[in-house]
1. Which one, Asn103, Asn65, Asn88, has the greatest fluctuation when you compute a Gaussian network model over the chain with C-alpha springs under 10 angstrom?
2. In the chain, how does Rg compare with the Kirkwood Rh, expressed as the Rg/Rh ratio over alpha carbon atoms?
3. Any chance you could run the full-extension gain for Asn158 through Arg246? It's 0.36 nm times the residue separation minus the Cα-Cα distance, nm to one decimal.
4. Of Val78, Thr144, Ala94, which is farthest along the charge dipole of segment 75-155 in the positive direction, counting Lys and Arg as +1 and Asp and Glu as -1 at C-beta?
5. Cut-off is 10 Å between beta-carbons; in what order do Glu79, Glu126 appear when sorted fewest neighbours first?
6. Only bridges with both residues in segment 17-139 count here: give the DSSP antiparallel percent, nearest 5.
7. With each run of n ≥ 4 DSSP H residues scored as -39500 (n - 2.57), what mean residue ellipticity at 222 nm is computed for the chain after dividing by its residue count and rounding to the nearest 500 deg cm²/dmol?
8. Which residue, Val292, Val249, Ser202, has the largest displacement toward the positive end of the dipole of segment 198-323 when charges sit on each Cβ (Lys, Arg +1; Asp, Glu -1)?
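Rule-based calculations on the coordinates, nothing more; no lab input. Here the structure is a predicted model, which means the values were calculated and not measured. Because the Cβ atoms are built from the backbone with ideal geometry, glycine has one as well, and the counts that use them run over all protein chains shown.
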Amino acid sequence: MGWAIAVHGGAGDISRSLPHDRRQPREEALRHCLQIGVEALQSNSPPLDVVELVVRELENIPHFNAGRGSVLTSEGTVEMEASIMDGNTMRCGAVSGLTTVVNAVSLARLVMEKTPHIYLAFDGAEQFAREQGVEIVDSSHFITPENVERLKLAKEANRVQIDYNAQPIQNDTKKEKPCANGDSQIGTVGCVAVDSHGNLASATSTGGLVNKMAGRIGDTPVIGAGTYANELCAVSATGKGESIIRGTVARDVAALMEFKGLSLKEAADCVVHERTPKGTVGLIAVSAAGEVVMSFNTTGMFRGCATEDGYSEVAIWSDAQVE
Ligand code: ASP
């Protein structure tokens, strides 16, 4: 049994012709964040600290749909959400509707540690952030030109992304087109980790879907849907939140292990390929025994993993690049 870690930067309909200048910075960012997590595990940081640290780093990189890179609501505003869970204690925290908090994942952890509750949202969550003295900025900080463009294109096409099955409107002027910067979607972030004693943790953070209704809450902060950890495994999901919530994706992986005795891989593959509609979900998961799984039914998932025995991989599509 050894430590293991996996990270994701979102699953979706990621074209294989994604331009190099859009692909390479994200792969680099995944490698960088994975390395931060590996070093933390090697220096015996608890997995809960590791997943928070890695997701904070991912939130600070605008190439992903979380923190600084969060996509915008139909009103052009940002509403970030995140959750975190500790496998041993099954303590967890979640936040939604954040407009000024730099690192949503850390606020989720504070909800877990400093309140009698699990989930705070909107004004109450913002007020709690101020009371806790976490880093806060003007919400304009999160409104990047790329996301203004993504929102404009989503509105022109009259769609909420990720909406993989949506047909482009059959009018040339309104046809779905890639974002001016080469891609129309960027992804949610997540991290799962297990140490060599089998302690597990998971964290996920997002801006949600491009052009979502103000007030919409996705799977990311919903414990059991986008994030889950117990004494058997830790899971972080990404994709179409409505499908992930309906499928209780993260909890189902743990439940299949617990009640049916499936391995981590069997459980993850069952949830992703048999229980959730095609094109809607990806997940990363680690087990207490140090196994790692990255499974998706979308075209691709930005992802990476590393294990104590020296295996490491960063990949987007189904053909993994072993490092
Ligand atoms: N699951 C997220 C949501 O629906 C989006 C994503 O994973 O990219 O809010």
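1. Between Asn103, Asn65, Asn88, it is Asn88 that shows the largest mean-square fluctuation.
2. Dividing the radius of gyration by the Kirkwood radius yields 0.95.
3. 29.3 nm
4. The one lying farthest along the dipole's positive direction is Ala94.
5. Glu126, Glu79
6. 65 percent
7. That comes out to -9000 deg cm²/dmol.
8. Positive-most Cα among the choices belongs to Val249.
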